[in-house]
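Everything on this sheet refers to the single structure shown next.
The values are calculated or read from the model by the stated rules, or taken from the named source; none is laboratory data. Quick caveat: nothing in here was measured; it's all calculated off a predicted structure. With ideal geometry, Cβ positions are generated from the backbone for all residues, glycine too; neighbour counts draw on all protein chains shown. These accessible areas exclude ligands, DNA and RNA; they are computed on the full protein's heavy atoms, side chains included. Shrake-Rupley method; radii C 1.70, N 1.55, O 1.52, S 1.80 Å.
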Amino acid sequence: MSDVPTYILNDGTTIPAVGFGTWPMKGSEATRAVLSALEAGYRLIDTAVNYDNEREVGEAIRTSGVARDEIRVTSKIPGRHHAYDDAIRSTHKSLERLGLDRLDLHLIHWPNPSDGLFPETWSALVDLQKEGLVTTIGVSNFTQTHLQRIIDESGVTPAVNQVELHPLFPQQQMREANERLGVRTESWSPLGKRQAPFDEPAVRRPAEKYGVSPGQVILRWQVQLGAVPIPKSRTPERQRQNLDVFGFELEGDEVAAITALGRPDGRLFGGDPDRHEEQ
Ligand SMILES: NC(=O)c1ccc[n+]([C@@H]2O[C@H](COP(=O)([O-])OP(=O)(O)OC[C@H]3O[C@@H](n4cnc5c(N)ncnc54)[C@H](OP(=O)(O)O)[C@@H]3O)[C@@H](O)[C@H]2O)c1
């Protein structure tokens, strides 16, 4: 059993406090990385149709020797599969590629509000959950407005909203909105795709004080915000390091100093905070 703490989600299932990202790894690199991540103790694995690696991720999960029930596998429905029937078909295809009979967490990858179909995609997810093909359903890159719309129309609140979140883009408002609605925040690009401010005193000082790396300080900050980071690393050593963030605790002012590194232009993609189209 992995000793990573877990949160209870709004549907009563659990999610590990830190997970493993698989984009942009493909082919044997993806299989190798997921195998070593599972060996290091990761039990939440993040993939998507758009990553073109579900087959390889599934192979690692099925051959790892880790009990299937211990692993939470996440995939995501892409924008081109937003119509109801396409979303159902997309999910069956994901399961086929992964070689699994259920997804533990399935997300709408982007709301793509310009095509107006995300409420339809959400009702497909609600039905897939009823059918037992997906255990937990959630969304990604949704604003408060998008969340409220699907909650009002379906009566079902997503368990998770996976959003960009790192020190340069700490997402205070979105985290608060998720929390108010009972939605757990997951952080994509938690290390800012390596562009995180590793050398800033707010990160470097706690790293020296606690004898950890700057990356570990940033991931610990995420954990203390209550967000679930899903760092990607292809190297076993960094994978282990990124999961080893439960042996120290940042002081309140250290958490605040990292949050204060946020910048209006800190978003990695597009720089336009109102753009919620697939990219
Ligand atoms: N929902 C969405 O729209 C969305 C969008 C983007 C990403 N995601 C998900 O989020 C996951 C993570 O995001 P990401 O891959 O974009 O970025 P990230 O996890 O913030 O950063 C990954 C990069 O950081 C390096 N790295 C890993 N650990 C490190 C450490 N301790 N110190 C310094 N560098 C380190 C990795 O290099 P090495 O591999 O060489 O270690 C890699 O270059 C993705 O893999 C994907 O699953 C979701």
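The distance from the alpha carbon centre of the range 204-254 to that of the range 108-158 is 31 Å, rounded to a whole number.
In straight-distance terms, cross-link reach from LYS76 covers every one of the lysines whose alpha-carbon lies under 17 Å from its own, apart from those fewer than eight places away in the same chain; here that gives LYS26, LYS93, LYS232. Peptide packing: for 161-173, 21-33, the average count of neighbouring Cβ atoms within 10 Å per residue gives the ranking 161-173, 21-33, highest mean first.
Its residue count N sets the reference 2.2 N^0.38 Å, and the alpha-carbon radius of gyration of the chain equals 0.95 times that reference.
Simple point charges give the picture: +1 on the Cβ of Lys and Arg, -1 on the Cβ of Asp and Glu, and for the chain a dipole about the Cα centre of about 560 debye. Heavy atoms of the protein chains alone define the surface here; on that basis the chain has 43 Å² accessible area per residue at 1.4 Å probe size. The share of alpha-carbon pairs in the range 86-156 lying farther apart than 14 Å comes to 57%.
Here the Karplus curve 6.51 cos²θ - 1.76 cosθ + 1.60, taken at θ = phi - 60°, turns the phi angles of the range 50-64 into couplings of 5, 7, 6, 9, 4, 4, 6, 5, x, 4, 4, 5, 6, 9, 6 Hz, with x standing for Gly and Pro. Sequence-distant contacts, meaning Cα pairs under 8 Å at least 6 residues apart, place the relative contact order of the range 87-236 at 17 percent. Amide H contacts for SER140 (H built 1.01 Å from N in the peptide plane; partners 5 or more residues away or on another chain; cut-off under 5 Å): ILE108, GLN162. Within the chain, DSSP assigns beta bridges of which about 15% are antiparallel (rounded to the nearest 5).
Give me the percent of accessible area attributable to carbon and sulfur for the chain, probe 1.4 angstrom. That fraction is 47 percent.
The Rg/Rh ratio for the range 188-262 is 0.91, where Rg is the radius of gyration of the alpha carbons and Rh is the Kirkwood radius. Evaluating 6.51 cos²θ - 1.76 cosθ + 1.60 at θ = phi - 60° for every residue in the range 188-201, the Karplus couplings come out as 8, 6, x, 9, x, 6, 6, 8, 4, x, 4, 8, 5, x Hz, glycine and proline recorded as x.
Rounded, prolate or oblate for the range 1-89? Axes are the square roots of the Cα gyration tensor eigenvalues, ordered a ≥ b ≥ c, and the cut-off for rounded is a/c under 1.5. Oblate. The alpha carbon radius of gyration of the range 118-215, expressed as a multiple of 2.2 N^0.38 Å, is 1.36. Bridges between two residues of the range 88-225, per DSSP, are antiparallel at a rate of about 10%. For the range 1-80, DSSP calls about 40 percent of its internal beta bridges antiparallel. Between the amide H of TYR7 and those of ILE15, ALA17, distances stay under 5 Å, these residues lying 5 or more places away or on another chain, with hydrogens modeled in the peptide plane.
A prolate overall shape is assigned to the range 136-279, the ratio a/c of its alpha-carbon gyration tensor axes (a ≥ b ≥ c) being 1.5 or greater and a/b exceeding b/c.
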